[in-house]
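First comes the structure, then the notes that go with it.
The values are calculated or read from the model by the stated rules, or taken from the named source; none is laboratory data. Small disclaimer: the values here were computed from a predicted structure and weren't measured. Positions of Cβ are generated from backbone atoms using ideal geometry, with glycine treated the same way; all protein chains shown enter the neighbour counts.
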């Protein structure tokens, strides 16, 4: 954990793979539906954050991504890039900056209870930078943060961009592979009952890096938002990844030099998909209730991703990173 000298403390932690096979629920998290798993209906287009239960637009049109969609707002591949969920089957996303016009997107939700004035609260959430040449998603920025309010902002009455967030990062987030944790704390000075996520700073106060000289936007996926008066609740999210309860799949060896073995001890045939580090599907294979080999001997060294889907329900059962030596 690295602390930075800013009045609003934050930390960044590089997350790889942590697993928890229990059903532990972090009951003190004041953010309902923190990883966007509670779905009103399957998103089928941009700007449908309202299809994640409780979440709304607090400015313009943030997006909702779910494995139920196989197109523009799908998981892990979509029109903004490629990313596996940190937990479950879904995540959200927002534009934090454009270099050709002023533009911000915020998503927000009502907390399960009002904050108590004078009480210290701990906040954490995870982001991953999106990159997609087709939609000119090429910029990385700082100032990703959370802002508490007593007002429920909407698209028609949006939250302001006035250089203020209770917790934010002053480091430009450029990681497109991992989920990066942003965290901090503050003492409530009002009885806040809403929280929003985005870049609340103006263009002149925002630092950015463009991967080329074209006009482009900065876009970030977001996951696992936590607000609590107990620091342990949000720290617990560091080690929490939601794995299918049945735990019916064993994948080994990892790392591997040539092949990966997948043991399916579930009660149904499943579809295995292997993606490379930039999100290209390279293997798609059906397996029954048995062991199956995935030959990786002809692929280059690096990080790959295995997805296992139920053919019957099309629900993501497990995701995992495979290291090819």
What tally of residues in the range 263-293 results from selecting those that are under 30 Å from residue 175 (Cα atoms), part of a strand (DSSP E or B) and within 26 Å of the chain's Cα centre (by Cα)? 9
Checking 268, 263, 273 in turn, the sole residue that is touching a strand residue (DSSP E or B) at 6+ places or on another chain (Cβ under 7 Å) and farther than 14 Å from residue 307 by Cα turns out to be 268
Residue that is surrounded by fewer than 24 Cβ atoms within 10 Å (Cβ to Cβ), in contact with a helix residue (DSSP H, G or I) (Cβ under 7 Å, 6 or more places away or on another chain) and part of a loop (DSSP other than H, G, I, E, B), where the choices are 122, 102: 102
Qualifying residue in the range 226-241 (condition: within 20 Å of residue 61 (Cα to Cα), at pLDDT 95 or above and assigned by TED's automatic domain parsing to the domain that holds residue 165): no
Options 153, 103, 121: the member that is modelled with pLDDT of 95 or more, over 19 Å from residue 225 (Cβ atoms) and over 18 Å from the mean Cα position of the chain (by Cα): 103
Please go through (1) touching a helix residue (DSSP H, G or I) at 6+ places or on another chain (Cβ under 9 Å); (2) at negative phi; (3) surrounded by 23 or more Cβ atoms within 10 Å (Cβ to Cβ) for residue 201 and return the number of the only condition it doesn't satisfy. (1)
From (1) surrounded by 24 or more Cβ atoms within 10 Å (Cβ to Cβ); (2) over 26 Å from residue 214 (Cα atoms); (3) free of Cβ contacts under 8 Å to residues at least 60 places away in the same chain, pick out the condition that doesn't hold for residue 70. (1)
Conditions (1) more than 22 Å from residue 51 (Cα to Cα); (2) surrounded by fewer than 17 Cβ atoms within 10 Å (Cβ to Cβ); number of the one not met by residue 110: (1)
Quick one: which of 95, 109 is farther than 30 Å from residue 232 by Cα, in a strand (DSSP E or B) and in contact (Cβ under 8 Å) with a residue 40 or more places away in the chain? 95
Quick one: would you say residue 257 is over 20 Å from the mean Cα position of the chain (by Cα), modelled with pLDDT under 75 and either outside the structural domain of residue 32 (by TED's automatic domain parsing) or more than 30 Å from residue 29 (Cβ to Cβ) (or both)? no
When residues of the range 28-62 are filtered for being in contact with a helix residue (DSSP H, G or I) (Cβ under 8 Å, 6 or more places away or on another chain), within 18 Å of residue 87 (Cβ to Cβ) and without any contact (Cβ under 8 Å) to a residue 60 or more places away in the chain, how many remain? 3
Keeping to the range 125-159, report how many residues are assigned to a loop (DSSP other than H, G, I, E, B) and either within 18 Å of residue 55 (Cα to Cα) or in contact with a strand residue (DSSP E or B) (Cβ under 9 Å, 6 or more places away or on another chain) (or both). 16
